[in-house]
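Notes to accompany the following structure.
Computed from the coordinates by the stated procedures, all read-outs in this text should not be read as laboratory data. Because the structure is a prediction, the values reported are computed rather than measured. Cβ atoms come from the backbone with ideal geometry, glycine included; neighbour counts cover every protein chain shown.
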Amino acid sequence: MLMRTDPFREMDRVFEQFAGTAGRPAVMHIDAERDGDWFNVYFDMPGVDPGSIDLTVERNVLSVRAERRRQVKEGAEPVIAERPMGVFTRQLFLGDTLDTDKLEATYESGVLTLRIPISESAKPRRISIASGDTGRKQIA
C-alpha cells in the first residue's frame, strides 16, 4: 500500500515552532545593546495594548508579560486568523552591574524599550596608591 504524505507538513511544523500558533504564541523577540553607560533592550510587541504589559524585576531577573487579544467586530466573519494571540512572556537574567532601580520603560510603535543604567560601582574609576617617599599618587 502506497501512503501519500503532505510535502509541506514538515515545513509547517518548523514554521509553527518559530512563529507560534494561536494556542501557543511565539516568544517575544528582542534586541539588546550597550550604549555608553546604558544597557538598552527592545521587545517586539506589535498589537499589544500597553495596559496589558506587566514588567517586574526581582533579584536581577527581569520578567515581561503582555497579552494580545483578537479584536472581534460584531457581524464580521473571520476568514484567516494567523496572527498569534494570547499571553507572551519573556525573562532576562540581568548582571549585577546594572542599576535596576533606575530602569526606564517606554512603549511606542509596537516596541517596548527598556533603558537600564550601568551602576556606579561597575564603572571604571581611578584608584590612588600610597607611595613610601612622596605620599599618595594617582595612577591613570
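Computed values, structure above
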{"quantity": "Residue count, segment 30-46 (criterion: out of contact with any Ser or Thr (no Cβ under 9 Å at 6 or more places or on another chain), of a type outside the set (A, V, I, L, M, F, W, C) and exposed (fewer than 13 other Cβ atoms within 10 Å of the Cβ))", "calculated": "6"}
{"quantity": "All positions within segment 71-95 that are exposed (fewer than 10 other Cβ atoms within 10 Å of the Cβ) and closer than 30 Å to residue 34 by Cα", "calculated": "93"}
